[in-house]
Amino acid sequence: MIVIKTNNLSKQFRVYEKPAGLIGSFKSLFNNKFKDIHAVENINLEIHQGEIVGFLGPNGAGKTTTLKMLSGLLFPTNGNATVLGYVPWERPIEFRKAFSLVMGQKSQLWWDLPASDSFELHKEIYKIDPVKFKKNVGELTEIFQVDNLLNKPVRELSLGERMKLELIASLLHDPKLLLLDEPTIGLDVVAQSAMHRCLYEFNQTRKITILLTSHYMRDVETLCSRILVISGGKMVYDGQLQGLKDEFGKEKLIKIQFKNLVPDQVFSKFEQLEITGGIVRLRVSKNDVPSVLAVVSQCEEVLDISIEDPPIEEVIEKLFVSHRSKTL
Amino acid sequence: MLRHLRLMFCFAKFSLLGELAFRSNFLLKILVELIWLGILLTFFKTIFGKSSNVAGWNEHEFLFFVGAYYALEGFVETFFLENCVEFSELVRSGNLDFCLLKPIDPQFFITLRRVDWSTAPKILLGFIMISFAMYEIGKPLELWKVPLFLILFLCGCSLAYSFLLLLTSLSVWMIRNQSLMEVWWLFTNLMRYPRQIYDSEWALPIRMVFGFIIPALLAVSIPVEFAVKEINIEFTLFLFVIAIVYFQLSRMFFNYSLKYYRSASS
Amino acid sequence: MNKYFNIARLSLKERLTYRGDFLFSSFLRFLPMITSILLWKSVYSSSEQESLSGFSFKQVIAYLLLVNISRMFSSMPGLATNLARDVREGSIKKYLLQPIDLIGYLMSYRIAHKAAYISTSLVPYMILFGSCASFFDTFPTPVGCAYFILSLMLAFVIGFYFEVCLGMLSFWILEVTSLLYVVTTLSFFLSGHLIPLDLLDTTGWLDVLKNLPFAYLAYFPAAVFLQKITDEELFFRFFVGVLWALFFFLLSKVILYFGLRKYSAYGA
């Protein structure tokens, strides 16, 4: 079943310019200049039920704008989309009941009240059946392991604890689609991992579709089978994470450890990232790996050798750069 | 309808729980309201110490007016004012998005989601003043007038709410809540005294603008006149109709502003 | 001086940034004044007396206009709340590390802020006073003007140190904000902002009210301008005012001293 389908989805913004200086301020009392910015251009995508899709891109690439259009908060300037069979920006009540949007930096819970009270209010707003509500709260608090936090005022919780409760609140009404905007921002590694585990478990048991944006590659690597990359408002990649690595990961990182100092000059024809004492780190193209190994085999007292893919951050960085140079 | 009542009950309940988390703060806020009442009554006593009537209203009638005004102000402050002031903050921070995602009417949710319990005693005190003034007048309110007075009073509240909503909607374009408060204060200023004080010849433009076009002068005056002075049928009907018209108008404008927000924000 | 000029310029710019606001608020000052004029007009016409507690109708209106000038000098928006926040969040320490006197710094900042505020409000106020010129029968002599200016200075100084004291209470009281509401509300009435204090003679509290520090925030400069205070009394009034200024000045120093001691004791 297709959950999200967009067709040339585009959004332009009008930005007003305020001239600098005191005289400028006076001038802007009477007229405003503006320019149009293309935040999102011709996005085409199709997401199926049960997928966890990662949405990557630098700041200002158009991720949040896209999410807002998909959740019906923004009107597109062009193109169309169907989400769960509805046109999102018409905002029918049934549509609003069928999905959830969670933003990492914003809170929907009442600050001074325990989360259980916010849940209660949520139940009324979403007209959740009391039996189902009780069952969902029970299940979710168990998955997220937060039963001891439900009765503490939200303002006394840590960010990680709060995010878990935010997620629970957003899942209480059994949404079929979960849109997450930077859900792990500001969380420490332990809290991030917990979040990953919970989201994964929930996705497996309920077949909920998840689209998440993130800055952290860890989120995407552990959770998402498929990723979308957006840059300058345009979609530049849509496919498997491994595919991205294959396409752009045509290089390998090699680390060689010697018992004594690294021999002089031996690796000078390869790109050397670092030489410290007995360790050398190289970046070479895939095809050059055999010749590096050939060189190593002639050296004495090699303690260890490892060959790795470059980190995904680097791969995506390259993707952005190549995309930008193509458009310029 | 029933669902909305249930929701309002929830909003009220959780607001109260939230307020009680800071009990001393809550009590101080109530104290402020009591001080205000004291100021209002002292001012009132001072004026009537100097003169036996003001613009054709004697002391007891005027006290009735002050009570009705105080209750109306309390009503708007308890249910709407804080929410409306917070609206510009919602726009600025982008938290308005969450309000729009909820599967309920945005206007209902945004303007009612918090109840300011610290001003609720004003409604009660206002009605106590009204009852006391009634007792002083010595002529009990006819029974048939009571429900009609309450309806007219609610029309006044609705009118005030509609003005507030119109102003609130403007926050989408000019983001700052300070001027919202200033304009709201201006409205309360126009509602605070009987409309007869504007009967001077040179105040005619004010009487026309704020008596007919933006009828702030009528919000408290007409219900109170209905109860304790001669009934002016034309104005009474006018208040009833204009309250409905303004409610619809403000609702349309609010939805328009949300639509603008959804096409312009980033 | 250059530094303060820049602060002033920035705050003027800030005001202009929200153009809707700026045009709005200058226009808004007029309506409440008209309401007061009309209310007092009907009070005077039905009382059938020329003057109430020594104030003629025109003088009451002139008084209510002048009170705005007093408040322009004595009100300190944000001073106490910001100070309370700085204390609570500990950022007050940044002032203590720098080689400047905290209260002196706040004072010079406030003067610059006031200068900017007064200069931007000048035009709307000139229009307001110009259109209400008929309510002013007499204008003070040059000496009277000098007294008026002095009384405005006094209003500023008392207003400033009073707010500083309030703000620094947050060394001991966690939530000063709501306490501030109480004080602001009381001060609105006790300062004579709403009604000339003389009209409260029926309450029997007039002598007390005139000697409270609040009276100097609004009532006193207006009364000086309208020559409501006899020459013999004037010096006494100024004397009491200066005493209050000194009192709050010293009090703020004492509070700061003990507040900081408490601070360092907690190691906050």
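Using the Cα atoms of segment A:161-311 to build a convex hull, what is its mean projected area in square nanometres? Projected over every direction and averaged, the Cα hull of segment A:161-311 covers 12.4 nm².
Please state, to two decimals, what the Cα-based radius of gyration of the protein assembly as shown comes to when divided by 2.2 N^0.38 Å (N = residues).
Computed over Cα atoms of the protein assembly as shown, the ratio equals 1.17.
With the biggest extent put first, the Cα atoms of segment A:66-199 measure 46, 35, 27 Å across the principal axes. Taking a straight line from the alpha carbon of B:Lys229, these aspartates and glutamates sit under 15 Å away, with near neighbours fewer than eight places off in the same chain left out: B:Glu59, B:Glu61, B:Glu136, B:Glu142.
GNM on chain C, alpha-carbon springs under 10 angstrom: the most fluctuating residue among C:Pro32, C:Pro124, C:Pro221 is C:Pro32. In plain terms, the bigger the Kirkwood radius, the slower the diffusion; for segment B:41-153, with that radius from Cα pairs, at 4 °C and 1.567 mPa s, Stokes-Einstein puts D at 78 µm²/s.
Charges at C-beta only: +1 for Lys and Arg, -1 for Asp and Glu. How large is the resulting dipole of chain A about its Cα centre, in Debye rounded to 20?
Result for chain A is approximately 1260 debye, rounded to the nearest 20.
Counting Lys and Arg as +1 and Asp and Glu as -1, what is the net charge of the other residues whose Cβ lies under 11 Å from the Cβ of C:Gly167? Here the count lands on 0. In units of the compact-protein estimate 2.2 N^0.38 Å, segment A:222-328 shows a Cα radius of gyration of 1.32.
Ratio of Rg to Rh for segment C:59-185: 1.06 [Cα atoms; Kirkwood radius as inverse mean 1/r over pairs]. Label-to-label distance, A:Glu314 versus B:Glu136, with points set 7 angstrom from Cα along the beta-carbon direction: 8.5 nm. Which entries in the list A:Lys11/B:Lys102; A:Lys5/A:Lys135; B:Lys29/B:Lys122; B:Lys139/C:Lys41; A:Lys123/B:Lys29; A:Lys286/A:Lys318 go over 20 Å, if you measure between the two C-alpha atoms of each? Too far apart for the 20 Å limit: A:Lys11/B:Lys102; A:Lys5/A:Lys135; B:Lys139/C:Lys41; A:Lys123/B:Lys29. Candidate membrane-span-like segments in chain A, meaning DSSP H helices with Cα atoms spread over at least 27 Å of their own axis and a Kyte-Doolittle mean of 0.0 or above, do not occur, with no membrane implied either way.
What does the charge dipole of segment A:135-211 about its Cα centre add up to, to the nearest 20 debye, if the Cβ of each Lys and Arg holds +1 and the Cβ of each Asp and Glu holds -1? Spell out each step's value before the answer.
On the way: 9 positive and 11 negative charges, 38 e Å.
Using Cβ point charges on Lys, Arg, Asp and Glu, segment A:135-211 gives about 180 debye.
Within segment B:2-258, the proportion of Cα pairs with more than 31 Å between them is 27 percent. Projected over every direction and averaged, the convex hull enclosing the alpha-carbon atoms of segment B:206-246 yields 2.7 nm². As an exercise, find the ratio Rg/Rh for chain A from alpha-carbon atoms, using the Kirkwood inverse-distance average for Rh. Ratio of gyration radius to Kirkwood radius: 1.08. Here, P(r) means the percent of Cα pairs in each 5 Å bin from 0 to the largest distance; for segment A:228-291 it is 4, 14, 20, 15, 12, 11, 10, 7, 5, 2, 0.
Local charge sum around C:Leu234 (other residues, Cβ-Cβ under 14 Å, Lys/Arg +1, Asp/Glu -1)? Intermediate values should be presented prior to the final figure.
On the way: positive: C:Lys210, C:Lys228, C:Arg237; negative: C:Asp231, C:Glu232, C:Glu233.
Surrounding charge for C:Leu234 is 0.
Backbone amide hydrogens, once placed in the peptide plane, bring A:Leu56 within less than 5 Å of A:Leu228, A:Val229, A:Ile230, excluding anything fewer than 5 places away on its chain.
Computed over every Cα-Cα pair of segment B:91-220 and binned at 10 Å starting from 0, the pair-distance distribution P(r) comes out as 10, 30, 33, 20, 7, 1 percent.
Counting every Cα pair in segment C:2-262, what percent are over 31 Å apart? The share of Cα pairs beyond 31 Å in segment C:2-262 comes to 31 percent. Along segment B:101-113 the Karplus relation, 6.51 cos²θ - 1.76 cosθ + 1.60 evaluated at θ = phi - 60°, assigns HN-Hα couplings of 6, 5, x, 9, 4, x, 5, 4, 5, 5, 8, 10, 5 Hz to successive residues, with x for each Gly and Pro.
Compute for segment B:1-46: radius of gyration divided by Kirkwood radius, i.e. Rg/Rh, restricted to C-alpha atoms, rounded to two decimals. Checking Rg against Rh, the ratio lands at 1.25.
Provide the net charge surrounding A:Leu244, with neighbours chosen by a C-beta distance below 13 Å and charges set as Lys +1, Arg +1, Asp -1, Glu -1.
Details: positive: A:Arg226, A:Lys245, A:Lys250, A:Lys318; negative: A:Glu221, A:Asp238, A:Asp246, A:Glu247, A:Asp309, A:Glu313, A:Glu314, A:Glu317.
Overall, the nearby charge balance is -4.
Values in this text are rule-based calculations from the coordinates and carry no lab data. Just so it is clear, the structure is predicted and the values come from calculations on it, not from any experiment. Virtual Cβ from ideal backbone geometry, glycine too; neighbours counted across all protein chains shown.
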